Amino acid sequence: MVENQRWLDILAHAVLICGVALVAFPVYVAFIASTHEPSAFATGTIPLLPGDNIATSYTGVMAGGISSQMSVPISLMLFNSMVMALLIAVGKIVISIVSAFAIVYFRFPFRVLAFWLIFITLMLPVEVRILPTYEVIADLGMLNSYTGLTVPLMASATATFLFRQVFLTIPDEMMEAARIDGAGPMKFFRDILLPMSQTNIAALFVILFIYGWNQYLWPILVTTDDSFYTIVAGIKRMADVVDSEPNWNYIMAVTVLAMLPPVAVVILMQRLFVKGLVDSEK
Amino acid sequence: MQTKRTIFGNKGLPYLLLAPQLAITAVFFLWPAGQAVYQSFLREDAFGLSTTFVGMRNYEALFNSSEYLNSLQVTVVFSIATVIASLGIALLLALAVDRMIRSAAPYTTLLVWPYAVAPAVAGILWWFIFNPAIGILPYALEMTLGYDWNHNLNGNDAMILVVVASVWKQISYNFLFFVAGLQSIPASLREAAAIDGAGPVKRFWTITLPLLSPTTFFLLVVNVVYTLFDTFAVIHATTSGGPAQATNTLVYKVFDDGFIGLNLGSSAAQSVVLMCLVMLLTFVQFRYVERRVTY
C-alpha cells in the first residue's frame, strides 16, 4: 500500500466482496437447489433459501436408481473419478520424473530427439486429434477400461520440463559425491533426487489430481458402459432428460459432489496448489 | 542442450527410463496426429467402403463452407469476449487484494477455488441459473428489463451463457498470476510516483500496467488456448453448439463433424487446422514469453 486513502480501502473491500459473491453465487444456488424436494422446481423460480430435503437428495444420488437416467449410483462414479485422477497424477509423475532423469543425467545418442518428441505433445491436446485417437484406443481394445481412461493421458511435456528444471538446479556436487561413494544411477535417483524434489512432486500432484478429476472429453469418448463413467462426464447425461422435467435437486446434488473433492484439495493445500500452478506454467 | 558436468555412463539405462513416456507419446500422440494429417487428404464414400485421395479438396471445401466460416467467427467472438472479461475482472480483484495487508490471504482463498471446478461443471452451474423456465437470472431480467431470456432459441443468449460460464471458471487462475505479477513490482516505483503527486488512477496507467505487461502477455496466450480448447466441455455440457450453430466453436465442430456426423475427411482437416493453430500459439508462447515483454 503506497498511501493511506480511506475511500480506496473501502472501494477495494467493496470490489473484493463483489468478487467473492460473484464466485460463490452459482455454487450457493446449486447447493440450495440440492436441499429441496423435486416439486419445489415445478413452478416459479429456483428457491434461494435452504429446504429440508438435503439428506434424501444426497443419499438418493449416492445409492442411484432414482429414475432411468440416474440409475448409476454416484458413489460408483465418484470411485471411478478418484481412480482416474489418482492414476493419472501418479502415472504422469512417475513417467515424467524418470524421463527427466534420463535427459538430465545421461548423455546418449538421440537425446535431443527424445526431448523434442516429448515437447511435441504440448502441441497436440486431445481436442485436436479426437477421432484418430479414439480409433487407436478402439483398436487396442481399451474402450471401457481404466487403462483406456488413464494411460493415454499420462504423457506430459509440462511435468517432464518441470522435473528437468528441478534437476538442473540440484548442485552437480551431489551427484559427484554420490558417485565417489559408489552409488549407481538408480540408487542416486532413489536416495538423493527423489527426496530433494519432494515438494515439487507434491505441488505437481495437486495440480495433476485436479486435471485428472476434471477430464470431460476423454471419458466421454472412451466410456460407453456406465459402470466406467466418471462423475464430471456423467452429470451431462443426467441433465439430459427427454420426456420429463429434470430432477433438479438430484442433478445439483451430483454437481456439488463433483466439485467437492478438487475444491477441497485446493482449499486445504493452497500453498502447494499455488506453487504447482506457478511451477508448471513456467 | 543443458546437462550436468558429470554424468552416468550407462548405455542402455537412459533408453529404458525414457521408454514409457516415448511409447505413450508415439502411440497416443504422434500416430493419431499423423493419421489426422493423412485422413485429411482422403475422402470416404457414404458407406465407408472405399476411400479416395482427394489432395487439398477437404481443405478447400472447409474454407468455402459457410458453416466453417461461421464457426471461425463464433470462436473469435467467444475468445475475445472471454479473454477480455476474465482478464479485466481478475486484474480488478488483484489490484484490490494488492492493497490489503491482513485480509489478503482470506480473500485470496475465497477467490481461487473455482480453479478446481471442472469446466463442464461450471457450465452446468450457469446453465441451471440461466434456465429459461425456472432460472433466477432470466426471472430477474424479465422483471427488471422485460427481457425474455431463452438460450435454447436465441443465439446471443446462448453465447452470453457460455462466455459467462467460461469467464467465471477462469477468473481465479488469472487472479493468482496477476497477484504474483503485482507483488513483483517494486514498491519504490509507486511510492516515488505518489511523492511526485500522481494519484492512484494515474499510477495505475503509467506505472502498474506497463510493469505488469509480461504477466498480461503470458496470461493472454494461456487464456486464448483455454478459450480454444478447454471450453469444449462448457459448450458440450450446456448449449451443444446450438442454437443454429451460434456457439459451435472450432473445437466443438471437430467433435461434432467427426464423432456425431462421421465426416472423417472434413473432421481430420479441421484437426490439422487446429494443430497448426496450437503450434503457432506454442511458438509465440516460447519465443516471446521466454524473452519477456520489456518496457
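The values are calculated or read from the model by the stated rules, or taken from the named source; none is laboratory data. Just so it is clear, the structure is predicted and the values come from calculations on it, not from any experiment. Methodologically, a virtual Cβ is constructed for each residue, glycine included, from the backbone with ideal geometry; neighbour enumeration extends over all protein chains shown.
Tabulated values for the structure
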item	result
Segment A:155-179, subset among the hydroxyl-bearing types (S, T, Y) and in a helix (DSSP H, G or I), residue surrounded by the most Cβ atoms within 10 Å (Cβ to Cβ)	A:T160
Qualifying residue in segment B:148-171 (condition: on the phi > 0 side of the Ramachandran plot and at pLDDT below 90)	no
B:V77 at pLDDT 90 or above and either buried (at least 23 other Cβ atoms within 10 Å of the Cβ) or of a type in the set (V, I, T) (or both)	yes
Which listed residue, of B:L91, B:L69, is touching a helix residue (DSSP H, G or I) at 6+ places or on another chain (Cβ under 8 Å), among the aliphatic types (A, V, I, L, M) and surrounded by fewer than 15 Cβ atoms within 10 Å (Cβ to Cβ)	B:L69
Some residue of segment A:156-171 being closer than 24 Å to B:V37 by Cβ, at the interface with chain B (Cβ under 9 Å from one of its Cβ atoms) and touching a residue at least 60 places away in the same chain (Cβ under 8 Å)	yes
Cross-chain or 6+ apart pairs with Cβ under 7 Å, segment A:99-111 first and closer than 21 Å to A:E176 by Cβ, then basic (K, R) and assigned to a helix (DSSP H, G or I)	A:A100/A:R164; A:I103/A:R111; A:I103/A:R164; A:V104/A:R164
Which numbered condition A:L131 misses (of (1) more than 17 Å from A:V166 (Cβ to Cβ); (2) touching a residue at least 24 places away in the same chain (Cβ under 8 Å); (3) touching a Leu at 6+ places or on another chain (Cβ under 9 Å))	(2)
Hey, B:V234 assigned to a helix (DSSP H, G or I) and at pLDDT below 85 or not	no
B:F204 within 26 Å of A:D279 (Cβ to Cβ) and either of a type outside the set (S, T, N, Q) or in contact with a strand residue (DSSP E or B) (Cβ under 6 Å, 6 or more places away or on another chain) (or both)	no
Residue match in segment B:5-14 (condition: surrounded by fewer than 18 Cβ atoms within 10 Å (Cβ to Cβ) and not in a loop (DSSP other than H, G, I, E, B))	no
Residue in segment B:55-113 that is nearest to A:V266 (Cα to Cα), counting only those that are away from chain A (no Cβ under 13 Å) and of a type in the set (D, E)	B:E67
Qualifying residue in segment B:162-180 (condition: within 30 Å of A:R129 (Cβ to Cβ), of a type in the set (G, A, S) and either surrounded by fewer than 21 Cβ atoms within 10 Å (Cβ to Cβ) or in contact with a Phe, Trp or Tyr (Cβ under 7 Å, 6 or more places away or on another chain) (or both))	yes
Residues being within 7 Å of another protein chain (Cβ to nearest Cβ) and under 24 Å from the mean Cα position of the chain (by Cα) - total across segment A:28-47	2
Whichever residue in segment B:146-161 is touching a helix residue (DSSP H, G or I) at 6+ places or on another chain (Cβ under 8 Å) and buried (at least 19 other Cβ atoms within 10 Å of the Cβ) and, among such residues, is farthest from the other protein chains (Cβ to nearest Cβ)	B:H151
Residue selected from segment A:198-236 under the condition part of a loop (DSSP other than H, G, I, E, B) and touching a Leu at 6+ places or on another chain (Cβ under 9 Å), by the criterion surrounded by the most Cβ atoms within 10 Å (Cβ to Cβ)	A:T230
Residues located in segment B:148-159, provided they are part of a helix (DSSP H, G or I) and within 16 Å of B:S240 (Cβ to Cβ)	B:G155, B:D157, B:A158, B:M159
Only listed residue being part of a loop (DSSP other than H, G, I, E, B), without any contact (Cβ under 8 Å) to a residue 40 or more places away in the chain and under 30 Å from B:A36 (Cα atoms), chosen from A:G182, A:G141	A:G141
Unmet requirement for A:P262, which otherwise passes all of (1) surrounded by 21 or more Cβ atoms within 10 Å (Cβ to Cβ); (2) within 14 Å of the chain's Cα centre (by Cα); (3) more than 27 Å from A:N144 (Cβ to Cβ)	(3)
Answer from A:D240, A:D191, A:D225 - the residue that is facing chain B (nearest Cβ under 10 Å) and either free of Cβ contacts under 8 Å to residues at least 40 places away in the same chain or not small (G, A, S) (or both)	A:D240
